[in-house]
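Read through the structure below, which is laid out as structure tokens, and then see the notes.
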Amino acid sequence: MSLIPRTIFEPEHEQFRDSARRWVAEALAPRVGAWRANGEVDRESFLSAGAQGFLCLWADEAYGGAGVRDYRFDQVLQEEVVRGADPGFYLNLHSQIVAPYIDRFGTPALKDRLMPKAVCGETILAIAMTEPAAGSDLAGMQTRARPDGTDWLLSGSKTYISNGLLADAVVVAARTDPERPHAIGLFVVERGMAGFSRGRRLRKTGLDAQDTAELFFDDVRVPAENLLGEPAKGFAYMSELLATERLMVAIGSMAHAGAAFDETLAWVTGRRAFGRPIGAFQETRFAMARMRAELDIAQSFTDDCVMLANAGRLSAEVAAGVKLVTTGLENRVIDRCVQLHGGAGYMEEYRISRMYRDARVSRIFAGSDEIMKEIIARGLGFDARRLD
């Protein structure tokens, strides 16, 4: 419950929110327990999202999409999924982080084959950048792709890959020139390709519903049709789309923090101690008041970034800033909400306990806090290489 109106939304966005909220309550919420127990979202939920038209809203009608290139609709959908179901259902990874690579840089044949299946939920998407020895330092990746006739042979491994087990098509970053650290190509590796295998489901501190996995590539033959753009420009392509990825993280973090606040507001107004509601104590009232003000400030920043993205003006520095601010706030708010729940906040049966575990990784993935600060600092004119 925000104290200020969110003015970026038009009536059509609110109508869409009503539809998304009903779908989440009816189709997703009853499945969350099974997702978390099984360590993955079931494929039926992706198919359900596709049947509702909720996947790749921006995709051309020729691929079955709605052709709506307005991030506000994706924002609404992400807010409702996180609030009403579970943050481990990575619809935004599928629709707004991976699919745009295929749409923007894919060959016509690849798009014709994959995009309709991505829109309907039949093909689940993932992206593989991180390696055991290379996280935010993409120039340090060891996965290699070498030409073999018109095809490419891909070798290496990736780790911490979201949607890693469910994914039917994975955008894989690989070095294409051993002499040039930033010569990186992006290749679409598909389920069933010889030499492509998956390791164990990785056990995590939180996000129990998200199937995070290791991926292995042993001379996987990738046809030229599955190369995205030019073979040495993948670094530039990733830099171009990372701003949107970080905005998606910010949207999810704000929804998660808002849901935790609402859970806690209900708790402190209903739970009693020393003969009165917990919310009657000054410390509780002031804690809730401060969190509400901070959430409203960060939400306004996030909403402004959504509109900048709609206008094609979301810079890398601003995207880094909104991710840094919102993920930090998400963790602080949820930590405080656990405290206000008392002993119940540490019990797995209460959602706030699970939220506490789920939130921690948001300050790491899509670029850690430290990398976000570096990006912002460079935008201010600080360059360590010139200042040393």
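With viscosity set to 1.567 mPa s and temperature to 4 °C, compute the Stokes-Einstein D of segment 266-372, Rh being the Kirkwood radius across alpha carbon pairs; µm²/s, no decimals.
83 µm²/s
With a ≥ b ≥ c the root eigenvalues of the C-alpha gyration tensor of segment 70-170, is it rounded (a/c under 1.5), prolate (a/b larger than b/c) or oblate?
It comes out oblate by the Cα gyration axes.
So what is the relative contact order of segment 1-106, in percent, for Cα pairs below 8 Å that sit 6 or more residues apart?
Contact order relative to length: 30 percent.
Which of the peptides 301-312, 370-381, 49-60 is most tightly packed, and how do the rest follow, judged by the mean count of other Cβ atoms within 10 Å per residue?
49-60, 301-312, 370-381
With just the Cα atoms of segment 164-208, tell me how far they stretch along each of the three principal axes, in Å, largest first.
39, 27, 14
Output the 0 to 90 degree angle, nearest 10, between the alpha-carbon long axis of helix 108-120 and the longest principal axis computed from the alpha carbons of the chain.
In the chain, helix 108-120 runs at an angle near 30 degrees to the longest axis.
Could you state the angle between the C-alpha long axis of helix 234-270 and the longest principal axis of the C-alpha atoms of the chain, as a value from 0 to 90 degrees rounded to the nearest 10?
20 degrees
By the gyration tensor of its Cα atoms, with a ≥ b ≥ c the square roots of the eigenvalues, what is the shape of segment 11-122: rounded for a/c under 1.5, prolate for a/b over b/c, or oblate?
It comes out oblate by the Cα gyration axes.
Semi-axes of segment 131-256's equivalent ellipsoid from the Cα gyration tensor, sqrt of 5 times each eigenvalue, largest first, rounded to whole Å?
Each semi-axis is the square root of five times an eigenvalue, giving 25, 18, 13 Å.
Given only helices, namely DSSP H runs of n ≥ 4 each adding -39500 (n - 2.57), what is the per-residue ellipticity at 222 nm of the chain, to the nearest 500 deg cm²/dmol?
-15000 deg cm²/dmol
Taking 8 Å as the Cα distance limit and 6 or more residues as the minimum spacing, I'd like the relative contact order of the chain as a percentage.
Across the chain, relative contact order equals 16 percent.
Can you give me the relative contact order of segment 145-289 as a percent, contacts being Cα pairs under 8 Å and 6 or more apart?
24 percent
Which pairs break 27 Å Cα to Cα here: Lys233/Lys323; Lys204/Lys233; Lys111/Lys158?
Violating the 27 Å limit, Cα to Cα: Lys204/Lys233.
log₁₀ I(q)/I(0) of the chain at q = 0.10, 0.11 Å⁻¹, via Debye over equal Cα point scatterers, no solvent, to two decimals?
So the normalised log intensities are -0.66, -0.80.
May I ask what percent, to the nearest 5, of DSSP beta bridges between residues of the chain are antiparallel?
80 percent
Every number in this text was worked out from the coordinates using simple rules, so none of it is lab data. Predicted model, so just to flag it, every value in this text is computed and none were measured. A quick note on method: Cβ atoms are made from the backbone with ideal geometry, for glycine too, and the neighbour counts reach across all protein chains shown.
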